[in-house]
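A short write-up of the structure that comes next.
Here, each number is a calculation from the coordinates, and none is a lab measurement. The model shown is predicted, which means the values in this text are computed figures rather than measured ones. With ideal geometry, Cβ positions are generated from the backbone for all residues, glycine too; neighbour counts draw on all protein chains shown.
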Amino acid sequence: MAYLAMFHWGWLLGALLLGLVAGWIAVVQRGRGVSKVTARWLAVLVAALVAAALARIVPGRPGYWLDLGLVMFALYLIGCALGSWLRDRALSRHTPPA
Amino acid sequence: MQRLFRWSSKWWPGLIPLVILWAIAAWSTTAPLEADLAAQSAAASNDTVLDKRRIEVDGRDVTFAADAFSEDGRRSAVAAVKAVPGVRLVNDETRLVAEAKPFVWSAGRDVVRVTLGGSAPLPASKSKLLDAARAALGGVEVVDQMNLARGAPPRFESAALLLIDQIGKLKDGKITISDTQVSLAGMARDLGGREAIAAGLKNLPEGFSVVANDIKAPPYVFQAYKDPVAVTLTLTGYVPDNAVHAALVAAAGRKFFNEKVVDNLKASVGAPGGFAAAVAPALGALSRLSTGTLVVSDREVNLSGDAFYDAASLQIRNGLGKDFPQGWQYKADISVKPAAAPVDATVCQQLFSDLLGKGKILFESGRATIDPDSAGLLDRLIETALRCPNANIEIAGHTDADGDDASNQALSEKRAQAVMDYLVKAGLPADRFTAAGYGSTRPVASNDTDEGKAQNRRIEFVVR
């Protein structure tokens, strides 16, 4: 994993920044979010992919792409969480709680 | 935390660019990543001696195939590749090099090339043997047909290097190591090469033994050619040493009274036993031919040429074999020179005088026994006598003035008679010849000097 991080730091940084932006926007977005059921299915899907990656059952290049995708996705999630938290703090500082 | 869940339901729009980013990343990094892992895996496995190494990278999975020369080496190479950072799985296709039993290595030589075949224990030793062969055989093509195999005996490499030195001494042949047993066959390049190889084999490393040494030496050849046109006797080939060389050239000078001896002999080891004892009488037989070639090859003597008359041809054909040491073979291909045209008595006398002016009939000191070295001269005299069938010839013996007159007279008579007997034995009619002795009464030179005495001791042919 350390090797992947060193080799792909540019791409991973991109995923992190993308997450920051998505998280920043998400706080004030008005549209509908993902329903709870869908979110649960998505969580199951991600867990299955993580399990497949850890078990190393996907061979060759698809296996590498899976690892890369999951690492990028993890950094995206971290970025989202950071972005949302930062946006939330920024909003609460400018507009005092009603 | 609850707020985080609420926000997270709206994080999905970013997934679309993320997927695009991921696709671009996957597309652009796969090939460099694979190349990087392949290079690192190759570097990691370099510490172990391997043959036929093949590294293929598919994503982060490495397929590692190689032939290892020991189980420890194989394991450590695989472990080293597994430890390369970034490698996810190693598909281990390594195996041990086959074990050769028996472990056979060979070096074969023919006219144009040397072929190294069989098994070598390691790539390094294989290239070392090839380099040694190229160095030892400067200019000769060296063909590598060696495989790699385990199971070489200890000190194999030094044994093989020693044998490569020996192959340079062969004209053709093959040297084989089978486990610790060495066998050799073929033909040595030079005379003495067989002995040099045998000496070299004494330095084989401990544990190795020679089971068969069938190296043959090239034939030991001595040749003599009597050329009647150039009036030369050409000696070529080999003699065992300088003493034999000098003795043979001296003997040739005595036997070939008329010819100039051209000496192209070289001294070399490897002569068959009894060489000098066989070649000297063979040269004597050659001296009796008008033109002829003597070829001595190992223990085989071949004489061919033209004798001066029938009886001589028979004598040469049958007589010579008896003079040879045991184990020698003698083949004579003797024809008779066509008889020369008859001449009258005056010319006949001239021919006799010419011959006896060039050479003298030699006798044992103080006795009337003809020296065998004079056989060539006597044959020429007989041939001349045959050309004048109507002439009566006196064979006159003369001595120097040493000793008392009575014994000189007797000796000169006996010697003249001995020559006459020789002529009669050769088939000439006895009634044409008279033998006469004159002692020291008719000197042709002063008896005060050794030179003059030598000239006075003589046989003359006088046509009447």
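Taking the beta-carbon count within 10 Å as an exposure proxy, list B:Leu289, A:Leu86 from fewest neighbours to most. Walk me through the numbers before you get to the answer.
Values: B:Leu289 25, A:Leu86 14.
Lowest to highest Cβ neighbour count: A:Leu86, B:Leu289.
Given the -39500 (n - 2.57) contribution per DSSP H run of 4+ residues, what per-residue ellipticity at 222 nm results for the protein assembly as shown, rounded to the nearest 500 deg cm²/dmol?
Details: 17 runs with 256 residues, N = 562.
The helix contribution divided over the protein assembly as shown gives -15000 deg cm²/dmol.
Please give the peptides B:432-441, B:362-371 ranked by average Cβ packing (other Cβ atoms within 10 Å per residue), highest first, as a rough proxy for protection.
Details: B:432-441: 18.2, B:362-371: 14.0.
Ranking the peptides B:432-441, B:362-371 by packing returns B:432-441, B:362-371.
Averaging Cα coordinates gives a centre for the stretch B:277-310 and one for the stretch B:126-152; these two points are 48 Å apart.
Counting Cβ atoms of other protein chains within 10 Å of each Cβ in A:60-73 and taking the mean gives 6.
Relative to the longest principal axis of the Cα atoms of chain B, helix B:15-45 runs at roughly 30 degrees. Can you give me the angle between helix B:375-387 and the longest principal axis of chain B, using Cα atoms only, in degrees from 0 to 90, rounded to the nearest 10? Helix B:375-387 and the main axis of chain B meet at about 50 degrees.
The modelled label-to-label distance for the pair B:Val444/B:Ala212, using points 7 Å beyond Cα in the direction of Cβ, is 6.7 nm.
Each label point was placed 7 Å from the Cα along the Cα-to-Cβ direction; for B:Thr232 and A:Ser35 their separation is 12.1 nm.
Please pull out the direction-averaged projected area of the stretch B:60-190, using the convex hull of its alpha-carbon atoms, in nm² to one decimal place.
Values: hull surface 37.3 nm².
Mean projected area for the stretch B:60-190: 9.3 nm², to one decimal.
The ranking of B:Tyr238, A:Tyr3, A:Tyr76 by Cβ neighbour count inside 10 Å, starting from the fewest, reads A:Tyr3, B:Tyr238, A:Tyr76.
Across peptide A:24-34, how many C-beta atoms of other chains are within 10 Å of each residue C-beta, on average? Counting other chains' Cβ atoms within 10 Å and averaging over A:24-34 gives 4. For B:Lys260, the lysines whose Cα falls under 28 Å of its own Cα, not counting residues fewer than eight places away in the same chain, are B:Lys226, B:Lys331, B:Lys337, B:Lys358, B:Lys360, B:Lys453.
For B:Ala435, nonlocal amide neighbours, meaning residues 5 or more places apart or on other chains whose placed amide H falls under 5 Å from its own, are B:Ile395. Within the same chain, lysines fewer than 8 places from B:Lys128 are excluded, and of the rest, those with a Cα less than 28 Å from its Cα are B:Lys52, B:Lys101, B:Lys169, B:Lys171, B:Lys174, B:Lys202.
Across peptide B:25-35, what mean number of C-beta atoms from other chains lies inside 10 Å of a residue's C-beta? The partial results should precede the final answer.
Values: counts 11, 9, 1, 1, 8, 4, 0, 1, 7, 2, 0.
Mean number of neighbouring Cβ atoms from other chains: 4.
Relative to the longest principal axis of the Cα atoms of chain B, helix B:242-255 runs at roughly 40 degrees. Using a cutoff of 8 angstrom between alpha carbon atoms and counting only pairs six or more residues apart, the relative contact order for chain B works out to 8 percent.
Near A:Ser84, within a Cβ-to-Cβ distance under 11 Å, what is the net charge of the other residues, with Lys and Arg +1 and Asp and Glu -1? Don't jump to the answer; show the numbers that get you there.
Working: positive: A:Arg87, A:Arg89, B:Arg3, B:Arg6, B:Lys10; negative: A:Asp88.
Net charge around A:Ser84: +4.
Per residue, the convex hull spanned by the Cα atoms of the protein assembly as shown amounts to 245 cubic angstrom. Calculate the FRET efficiency for B:Lys128 and B:Asp371 from the Cβ-Cβ distance with a Förster distance of 56 Å, rounded to the nearest 0.05. The formula returns an efficiency of 0.30 here. From least to most packed, judged by other beta carbons within 10 angstrom and beginning with the fewest, B:Ile167, A:Ile78 follow the order A:Ile78, B:Ile167.
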